[in-house]
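Inspection log for the structure reproduced underneath, given as C-alpha cells.
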Amino acid sequence: MTDLAPPTRLSGRVLIVGVSEASGGIGIQAAIKTVTALGAFAAATVTAVLAETTEPSYAVPPVAVAAQMRAALADIGADILVIGGLAGAGLIEAVADVLEGEARGIPLVVDLADATDAARAMLIPLARIVVAPSDAADLDGQRKAAAGFARAGRAALVTSAAFGDVLADGATLSVFPAGRGAGRSVRGGGLSLAAAIATGLAQGLPLAAAVRRGRDYVEEAILTAPDFGRGASPLNHVHTLRPTPPSGFES
C-alpha cells in the first residue's frame with residue numbers, strides 16, 4: 001500500500017480535457033476531485049456536456065475547446081495533461097493543434113475507455129502513458145496488449161477487474177492483482193485512475209510509483225464508495241481528506 005495521507009500543500013498542475021457530466025461521478029468532475037484529493041491543482045477543459053441519462057451529449061464547439069485549453073495553459077500552466085474520450089474530426093483536430101503547439105513538451109495521460117478510433121490514432125502516439133480497459137480473455141492476452149502499446153514507444157496500463165492490471169513501460173512488464181473492490185458496481189473509475197496517475201507524474205513520482213499510488217487511491221475510493229444514485233455508485237474521491245467539523249462544533 002502506498003502513502004495516501006491527506007495532502008498538506010498543493011504540488012503539481014493537471015489540465016483535464018473531457019466531458020462534463022451532471023452527476024459528478026464521471027468525466028471531468030471525477031478527475032478534478034481525484035487531482036484535488038491527491039494534493040495537486042486541477043484545471044479543466046469541457047469538450048461536451050452530458051446529463052447521464054440523455055443521448056446524445058451536447059458538444060462544445062471545437063474552437064471553444066481549444067480556447068479553453070489555451071487559456072488554462074497561458075494562465076495557470078500545466079505539468080501534465082489528462083484527456084478522456086474525444087469525438088468528431090473537428091474536435092480531434094482542435095485538440096491536436098493545442099497539443100502540438102502551446103502544450104508541446106507537456107506529458108500526456110490518455111484514458112482510452114471511450115476514445116474513438118480517430119482519437120486513438122491521434123492521441124496514442126503523443127501519450128506518456130495510456131490507460132486502457134482490457135477485452136482479453138486471460139492475463140496472457142492482457143500482457144500481449146500492454147506489450148503492443150510499449151512496442152510503439154509509450155507506456156500502457158491495461159486494466160481488468162477479473163485479472164488485475166498490467167503495466168508495460170519499455171521492456172518492463174508489471175502485473176498488479178485485482179483490487180479488493182473489483183466486484184463493486186461503480187462509475188468513473190477509468191478517468192479517475194488516469195487522473196490519479198497523472199497527478200503522481202506531475203508531482204515528480206516515477207511512472208511505476210505513480211501507477212501504484214493511483215491504483216491504491218482508486219481501490220480505496222471503490223471500497224468506500226457511497227450508495228448514491230440509481231445504478232452504479234460514484235467513487236468516494238475524497239477519502240484522503242480530513243473531515244471538517246460543522247460550524248459551531250465544539251470538541
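In the chain, helices alone account for a calculated mean residue ellipticity at 222 nm of -11000 deg cm²/dmol, with every DSSP H run of four or more residues adding -39,500 (n - 2.57). Cβ crowding within 10 Å, taken as a proxy for footprinting-reagent exposure, orders Ser233, Ser174 from fewest neighbours to most as Ser174, Ser233. Extending 7 Å from the Cα toward the beta-carbon at both Ala208 and Thr2 defines two label points whose distance is 1.2 nm. Loop sites here are trypsin sites (Lys or Arg not before Pro) outside DSSP states H, G, I, E and B with no more than 12 other Cβ atoms within 10 Å. The longest part of the chain free of them is 10-103.
Exposed loop positions in the chain were taken to be GluC sites (Glu not before Pro) whose DSSP state is not H, G, I, E or B and which have at most 12 other beta-carbon atoms within 10 angstrom. Between these positions, the longest stretch is 101-249.
For the stretch 23-127, a simple Cβ point-charge model (Lys and Arg +1, Asp and Glu -1, everything else neutral) yields a dipole of about 180 debye relative to the Cα centre.
Here the label points at Ala22 and Ala51, each 7 Å from Cα along the C-beta direction, are separated by 0.3 nm in the simple model.
Along the chain, the longest continuous region that contains none of the chymotrypsin sites (Phe, Trp or Tyr not before Pro) in a DSSP loop with at most 13 other C-beta atoms within 10 Å is 1-227. With the charge dipole of the chain set up from +1 on Lys and Arg Cβ and -1 on Asp and Glu Cβ about the Cα centre, the Cα lying farthest toward the positive end among the listed residues Gly170, Gln29, Ala198 is that of Gly170. With the charge dipole of the stretch 1-125 set up from +1 on Lys and Arg Cβ and -1 on Asp and Glu Cβ about the Cα centre, the Cα lying farthest toward the positive end among the listed residues Leu123, Leu4, Leu91 is that of Leu4. If you work out log10 I(q)/I(0) by the Debye sum over Cα atoms at q = 0.09, 0.17 Å⁻¹ from the coordinates, which of (i) -0.60, -1.27; (ii) -0.37, -1.36; (iii) -0.49, -1.20 do you get? Step by step, log10 I(q)/I(0) by the Debye sum over Cα atoms at q = 0.09, 0.17 Å⁻¹ for this structure corresponds to label (ii). Computed about the Cα centre, the dipole magnitude for the chain is approximately 440 debye when only Lys and Arg (+1) and Asp and Glu (-1) carry charge, each at its Cβ.
Each reported figure results from applying straightforward, stated rules to the coordinates on display, with no laboratory input. These figures come from a predicted structure and were not determined experimentally. FYI the Cβ positions are ideal-geometry reconstructions off the backbone, even for glycines, and counts take in every protein chain you see.
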